[in-house]
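Structure first, then comments.
The values are calculated or read from the model by the stated rules, or taken from the named source; none is laboratory data. Everything numeric in this text was worked out from a predicted model, so none of it was measured. Because the Cβ atoms are built from the backbone with ideal geometry, glycine has one as well, and the counts that use them run over all protein chains shown.
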Amino acid sequence: MPDHKLLVMKQQNKAGIVQKTFPPQSLTQILKVVSSKIELLESQILRDVQTDIPLLNNVAEHILSSGGKRLRPALVLLGGEMFGGIDERVMQAAQVIEYLHTATLLHDDVVDGAETRRARQAACSVWGNEVSVLSGDYLLAMAFHRLTKLRHPEVLELMSETTTRMARGELLQLTRSYKTADEDDYFEIIINKTACLFATAIKTGSLLAGASRESADLMYDYGMAIGISFQIVDDALDYSDEKKTGKPVGGDLQERKITLPLSHLLKQANVRDRKRLDLILSQAIIEKP
């Protein structure tokens, strides 16, 4: 059974034994409990990435100061806060997660041929593919070097498995065609490429703060659900109004990426509309309406 369906079943089973219900809260509201720590983390992320290589410093500062939401490190902090508090090891793990995520962004932009990232020029547009790839490699290596200093084998194993899954997700996205991919293919891609890092983030914070294995596993499922939801919304925004969201639209469609909106459209289209869609998607450049 696909991972996303197993996750839904787990949540349904848990729902059957819950005795109390609470009003729904947005993730922004939930993360308010660690807002002061996120502000502290912001300065540490930029400070600790400095090296004796000016070019690398420029690339790192360019992408790290470009207005990211810091959701993944915030989840590390949230996991720590829930199980004993945020100490120096939890803060270090939050930095590791952000460096790892940033490394994947540098690599992704090269793979996608992206020109912009967060309303700025992508690093590969400014410094070229070679510098972007090597800067991403450096951040990835630095992240794991810092990770070993936490002296927590389970966290190290979890992070190693996660980086492998993320690379797998990228390869799945590159090798699977929108013409044959279905909803299960889509979820397999986003679970590996995106959601597993959310899950790992909150589980890492929980483990470092002393959570039991059972509790940490529950937090992993929670983080996975957040990551899946995040990616679905992000993919839907690619078909929305750029003026309202502030995000460029049509990029995923231009790259023929398998997303949930496209998957549903192809599934529900009649024969005539499917032929028309295939014709549009076969064009070298898809013009925006």
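Helices (runs of 4 or more DSSP H) fully within segment 178-289 that include at least 1 residues being more than 30 Å from residue 34 (Cα to Cα): 183-190, 242-245, 251-254, 260-268, 271-281.
Selection of segment 108-132 for residues being hydrophobic (A, V, I, L, M, F, W, C) and within 25 Å of residue 94 (Cβ to Cβ) yields 119, 122, 123. In segment 142-155, the residues that are touching a residue at least 24 places away in the same chain (Cβ under 8 Å) and under 10 Å from residue 208 (Cα atoms) form no Cβ pair under 7 Å with any partner that is among the polar types (S, T, N, Q) and part of a loop (DSSP other than H, G, I, E, B), whether six or more places apart or across chains. Hey, does segment 234-245 have a residue that's at pLDDT below 95 and touching a strand residue (DSSP E or B) at 6+ places or on another chain (Cβ under 7 Å)? No. Restricted to segment 179-219, and to residues there that are touching a Leu at 6+ places or on another chain (Cβ under 6 Å) and more than 16 Å from residue 77 (Cα to Cα), the residue that is surrounded by the fewest Cβ atoms within 10 Å (Cβ to Cβ) is 189. Residues in segment 257-289 that are touching a helix residue (DSSP H, G or I) at 6+ places or on another chain (Cβ under 8 Å) and β-branched (Val, Ile, Thr) were compared, and the one that is modelled with the highest pLDDT is 259.
Suppose we keep only residues that are within 15 Å of the chain's Cα centre (by Cα) and in a helix (DSSP H, G or I) within segment 65-94. Which one would you say is surrounded by the fewest Cβ atoms within 10 Å (Cβ to Cβ)? Ranking the qualifying residues of segment 65-94, first place goes to 71.
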